[in-house]
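Let me begin by presenting the structure, written as structure tokens, before commenting on it.
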Amino acid sequence: MPEVLHGLLFDNPSTVERYPRTKIKIDELMVIWASLSDSVRTAPKAFPNPPKSPQATHYTIGSIEKLKPVKLTNSGDWSPELNERSPQAQKRLSGEVAPWLVPNQSLSPTKLSPAAQRRVIHSPAGRSRKTSGTQNSTVAHIPQFYFPQLLSVPAVDPVLELHQLKEVFSQDTTGSGITIDPHFLMVCKEVCGFPSFFATPFLEKAAGPGATHVTLDQLLRFWEVHLKGKDRHERLFNMMRQPHLSYLQPADFVPWLNELLEYHPGLEFLKATPDFQKAYVETVIARIFFTCNTQRNKRLSLPELRRSNIVEMFTTVDEETDINEVKTYFSYEHFYVIYCKFWELDTDHDQLLSPADLVRYGNYGLLTCVIDRIFSLYCASDKMTFDEFVYFIVAEEDKTTLQSLAYWFTLVDLDGDGIISPSELEYFYREQSIRLECIPHDPIRFRDVLCQMHDMIEPAVRNRFTLLDLKSCRMGGNLFNVFLNIHKFLGFEHADPFVGHEDRLAMGITDWDRFADTEYARLAAEEDEVAEFTEVSSRRVNFEESGFGKHVESPF
């Protein structure tokens with residue numbers, strides 16, 4: 001190999017000018033060759049007389065040791081690192097070389113984990129290490145780089161936190177423990193990092209159900225097991241979950257949200273209506289699980305909690321007095337819109353929706369075949385519950401989120417192969433075209449609509465729409481609007497879907513926020529009209545009852 005490189009580079013310098021990429025590849029191969037243990041011994045023999053031409057690369061033992069290391073890309077090619085701001089690049093610029101590329105400086109196998117050592121020993125390279133001494137230095141010892149049980153670094157030093165706990169409990173001079181207000185509230189919010197409405201359930205977790213006081217010993221026992229050395233996400237996870245489970249269920253959120261209803265000033269008016277309180281809690285939980293539970297199994301895992309914004313939203317709603325300003329999960333106006341929509345469809349008020357009820361949603365906009373798919377995929381029985389309706393309405397009115405795209409992608413993917421094909425789209429478009437004829441509307445051929453979707457989404461493979469294609473296209477939700485909803489299809493045909501979309505995104509307004517705000521304004525206006533009509537009717541009745549409004553016969 002060195003002799004070949006010598007001939008290519010030194011005997012024919014014009015090669016460098018004619019094939020610059022060849023020179024780069026040869027440089028990379030030289031780095032690989034230089035990493036072998038025999039390189040230092042064979043280099044003088046390979047290059048007995050280095051050339052003087054400035055156009056040729058001058059390799060010496062010293063220059064070989066200073067060559068930049070390379071990495072193996074996913075395609076199998078060797079390529080140099082390009083990010084010069086990384087710590088590894090800074091080391092290379094300073095002349096340091098990675099230990100696995102410097103001869104006779106391979107990493108010691110004692111630094112490997114037992115599992116990694118077994119993989120090296122039983123691999124083909126590991127077996128050749130035992131049988132061939134010449135290949136001993138060519139096998140790199142790769143250290144363990146994946147630690148599945150590694151926890152994130154806690155935000156607070158446990159020693160400092162313990163000192164803060166003892167300082168707060170120093171106010172307990174009697175030894176009977178501290179109460180919620182003000183001392184344990186300080187422990188909950190300032191020391192442990194929980195929102196203030198966690199204080200009462202937190203105290204009961206540490207001291208027992210129904211307890212009003214907690215001692216330092218009781219709190220430390222709970223702190224050692226569930227909170228010490230944990231970050232905010234794992235602390236909240238351990239606080240809310242059942243002791244025998246490794247995930248959060250929807251019911252685990254109920255006591256904590258009940259405390260929010262009890263103490264938040266923006267929800268105080270709901271205390272007089274327990275039914276609305278219950279519906280509000282169900283709505284918040286359903287929105288949380290729709291957004292964060294990507295597995296759709298009603299089991300919120302710790303990794304899902306870490307990827308979500310639940311902890312941040314709990315803190316935000318605790319500090320914000322106007323509940324409607326917290327549009328993510330907790331807005332009362334959003335809850336009111338969802339509940340009123342459900343109430344309008346639930347004509348028999350049994351808290352369940354049948355397919356005949358749901359088909360009336362959006363002025364009969366959804367296709368009947370879509371309704372059938374919704375009940376077969378997303379409803380546990382032949383009736384839709386309130387939390388299932390929350391999933392549906394959020395997915396229907398905002399198709400820009402990843403969760404909504406996955407909701408409708410699964411529905412349209414009839415064969416479940418992870419690809420939406422033209423035949424599957426045509427299945428839904430048959431009913432759509434029949435509705436267009438009944439409006440009446442000029443007929444639109446399926447292939448024309450399909451071509452328009454291709455131009456908008458630009459899938460990686462033609463006639464094969466994947467979920468990744470829809471996620472990559474910010475307007476991917478229009479695919480479902482066109483094929484599944486007659487009113488949104490007409491809106492897509494007669495209006496530019498891009499108009500105003502970028503402005504709303506820049507202002508942080510989602511399609512769901514826009515829909516909820518519009519519907520809440522409409523419902524509020526309707527209530528004002530009803531109240532005004534009721535007031536006028538009441539005045540008229542009172543006027544007639546007073547006798548002034550009765551017809552009196554003229555004596556003449």
Sort out which residues of segment 193-213 are open to solvent by 40 Å² or more (accessible area, probe 1.4 Å) and either within 19 Å of GLN249 (Cβ to Cβ) or among the small types (Gly, Ala, Ser) (or both), and write them in order of number. GLU204, LYS205, PRO209, GLY210
Of (1) open to solvent by 80 Å² or more (accessible area, probe 1.4 Å); (2) over 19 Å from VAL311 (Cβ atoms); (3) of a type in the set (Phe, Trp, Tyr), TYR263 fails just (2)
Against the condition open to solvent by 20 Å² or more (accessible area, probe 1.4 Å), without any contact (Cβ under 8 Å) to a residue 24 or more places away in the chain and assigned to a helix (DSSP H, G or I), how does THR316 come out, does it pass? yes
For segment 410-419, does any single residue satisfy the condition of being crowded, with 18+ Cβ neighbours inside 10 Å and under 28 Å from ILE288 (Cβ atoms)? yes
From THR347, THR400, which residue is among the polar types (S, T, N, Q), touching a residue at least 24 places away in the same chain (Cβ under 8 Å) and assigned to a loop (DSSP other than H, G, I, E, B)? THR400
Could you tell me whether TYR361 is touching a residue at least 12 places away in the same chain (Cβ under 8 Å), touching a helix residue (DSSP H, G or I) at 6+ places or on another chain (Cβ under 7 Å) and not in a loop (DSSP other than H, G, I, E, B)? no
Collect the residues in segment 435-485 that are among the β-branched types (Val, Ile, Thr), open to solvent by 50 Å² or more (accessible area, probe 1.4 Å) and over 21 Å from VAL370 (Cα atoms), keeping them in residue-number order. VAL461
Which pairs turn up if I take residues in segment 471-497 that are within 15 Å of GLU397 (Cβ to Cβ) and look for partners that are of a type in the set (Ser, Thr, Tyr) and open to solvent by less than 10 Å² (accessible area, probe 1.4 Å) with beta carbon separation below 8 Å, at least 6 apart in sequence or on another chain? GLY477/SER404
Name, by its number, the condition in (1) out of contact with any Leu (no Cβ under 9 Å at 6 or more places or on another chain); (2) closer than 21 Å to SER404 by Cα; (3) modelled with pLDDT of 95 or more; (4) aliphatic (A, V, I, L, M) that does not hold for LEU352. (2)
Please determine whether any residue of segment 518-533 is outside any helix (DSSP H, G or I), loosely packed, with under 11 Cβ neighbours inside 10 Å, modelled with pLDDT under 70 and not hydroxyl-bearing (Ser, Thr, Tyr). no
If you take the residues of segment 469-486 that are over 15 Å from LEU425 (Cα atoms) and in a helix (DSSP H, G or I), which of them is farthest from the chain's Cα centre (by Cα)? ASP469
Inside segment 214-246, the number of residues satisfying the requirement of being in a loop (DSSP other than H, G, I, E, B), out of contact with any helix residue (DSSP H, G or I) (no Cβ under 7 Å at 6 or more places or on another chain) and open to solvent by 40 Å² or more (accessible area, probe 1.4 Å) is 3
Apart from one, (1) within 19 Å of the chain's Cα centre (by Cα); (2) β-branched (Val, Ile, Thr); (3) surrounded by 19 or more Cβ atoms within 10 Å (Cβ to Cβ) all hold for THR400; the odd one out is (3)
Which residue pairs have Cβ atoms under 8 Å apart, sit 6 or more places apart or on different chains, and have a first residue in segment 155-171 that is assigned to a loop (DSSP other than H, G, I, E, B) and a second that is open to solvent by 90 Å² or more (accessible area, probe 1.4 Å) and modelled with pLDDT of 90 or more? ALA155/ARG232
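Output the residues belonging to segment 275-331 that are among the hydroxyl-bearing types (Ser, Thr, Tyr) and farther than 18 Å from THR510 by Cβ. Working first, answer last.
Pass one, segment 275-331, residues among the hydroxyl-bearing types (Ser, Thr, Tyr): 280, 283, 291, 294, 301, 308, 315-316, 321, 328-329, 331.
Passing the criteria: TYR280, THR294, SER301, THR315, THR321.
Quick check, is LEU245 touching a strand residue (DSSP E or B) at 6+ places or on another chain (Cβ under 8 Å) and free of Cβ contacts under 8 Å to residues at least 24 places away in the same chain? Outline the logic, then answer.
On the way: touching a strand residue (DSSP E or B) at 6+ places or on another chain (Cβ under 8 Å): no; free of Cβ contacts under 8 Å to residues at least 24 places away in the same chain: yes.
So LEU245 fails the test.
Take GLU426 and decide whether it is part of a helix (DSSP H, G or I) and within 20 Å of VAL284 (Cβ to Cβ).
Details: part of a helix (DSSP H, G or I): yes; within 20 Å of VAL284 (Cβ to Cβ): no.
Spelling it out, it is not the case that GLU426 is part of a helix (DSSP H, G or I) and within 20 Å of VAL284 (Cβ to Cβ).
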Suppose we filter segment 274-307 for residues that are closer than 20 Å to ILE338 by Cβ, open to solvent by less than 50 Å² (accessible area, probe 1.4 Å) and either among the basic types (Lys, Arg) or not in a helix (DSSP H, G or I) (or both); how many remain? 2
Here the residues within segment 329-344 that are surrounded by fewer than 18 Cβ atoms within 10 Å (Cβ to Cβ) and of a type outside the set (D, E, K, R) are CYS340, TRP343
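The values are calculated or read from the model by the stated rules, or taken from the named source; none is laboratory data. Predicted, not measured: the structure shown is a model, and the values here were computed from it. Neighbour counts are summed over all protein chains in view; Cβ atoms, including those assigned to glycine, are modelled from backbone coordinates with ideal geometry. Keep in mind that these areas ignore ligands, DNA and RNA; they rest on the heavy atoms of the full protein, side chains included. Shrake-Rupley method; radii C 1.70, N 1.55, O 1.52, S 1.80 Å.
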